[in-house]
Amino acid sequence: MKRAFVDVDDLWQEQQIKDLLLPLREAIGEKFKVTAYAIPNKLGPVHDLVKKYPWITFAIHGFEHTFAECRAWHSEVAEARLQQALDMGYAPVFKAPNWILDIETEIACRKLNITLHHHKIYEPATPGLMCYPGPRKRRPFLVEHENPHTHIVRSATDKLSDDPTSFITECPDFKIHRLKEFDLFLSYDAVHLEV
C-alpha cells in the first residue's frame, strides 16, 4: 500500500483552497487529505474553514510569516503566539517559516502538545516533543510513507525562487496522476514521533 503525508506551505486565503486544493480533491476523491501550513495573521480564524474543508488540516506556519520570526520569539512570546493560533482553530502542528526556530519555540510546542514539523537536517533537542520527520535515532518511520510537499502559490510572503517546481501549479508531485498513485493519505498524527 502506498501512503503519503501531503503538505503545502503558505496558505493565506480561502481562494487558494478553491483554486488549487479543491480541484485535487475532486479529481482524486474522498481519500485525498492535505496538511496546509497556514499563516494565522493573514488567514485569520479557521473554525468555519475546518468545517467546510474537513479533509484539510490547517496547521500553524509561524504567525506573521516574516523571515526568522520564530528565532526572535522568547519563551513567553512563542507560547502566546502558538496558543493564539490554537484558539483561532488551527491544528496542533507547527512549522517555522524558512525552518528557522530555536529551543524556546520547541519548548513552547512541547508545553502546548504541538507537533513540530522541522527540516530533516535539524535535530530537535527537547525531550517529550512530538515532531516530524522525527529524531534520527527513531527512524525509520513507524508508518512508511512519502511526503509530497510544495508551496501553494507565489505570494507577498514567498521569497523569489528560480525553481518554478517549488510551487503547486508546477510541482511534479502535485500532478493528479502522481497523487492518484497513493492508496492512503495520512495526517501528521500518523507520522509524528517523540524526541
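Taken together, the values in this text are just the output of simple stated rules run on the coordinates, not laboratory data. All values derive from a computational prediction rather than experimental measurement. Note that each Cβ is placed from the backbone with ideal geometry, even for glycine, and that neighbours are counted across all protein chains shown.
List of remarks:
- Note on the chain: with charges restricted to the Cβ of Lys and Arg (+1) and Asp and Glu (-1), its dipole about the Cα centre is near 460 debye.
- Averaged over residues, the count of other Cβ atoms within 10 Å places the peptides 110-118, 169-177, 93-101, 14-22 in the sequence 93-101, 110-118, 14-22, 169-177, highest first.
- With semi-axes defined as the square roots of five times the eigenvalues of the C-alpha gyration tensor, the equivalent ellipsoid of region 37-124 measures 21, 13, 12 Å, largest first.
- Computed from point charges on the beta carbon alone (+1 for Lys and Arg, -1 for Asp and Glu), the dipole magnitude for region 1-79 about its Cα centre is near 480 Debye.
- Under the criterion of Cα pairs below 8 Å and six or more residues apart, the relative contact order for region 3-194 equals 28 percent.
- Cross-link reach is defined here as a Cα-Cα straight distance under 29 Å, omitting same-chain residues fewer than 8 places apart; for Lys42 the lysines meeting it are Lys18, Lys31, Lys33, Lys51, Lys52, Lys95, Lys111, Lys120, Lys159, Lys175.
- Between His65, Val34, Leu116, the Cα set farthest toward the positive side of the dipole of the chain (charges on each charged residue's Cβ, about the Cα centre) is that of Val34.
- For the chain, convex hull volume per residue from C-alpha positions, Å³: 109
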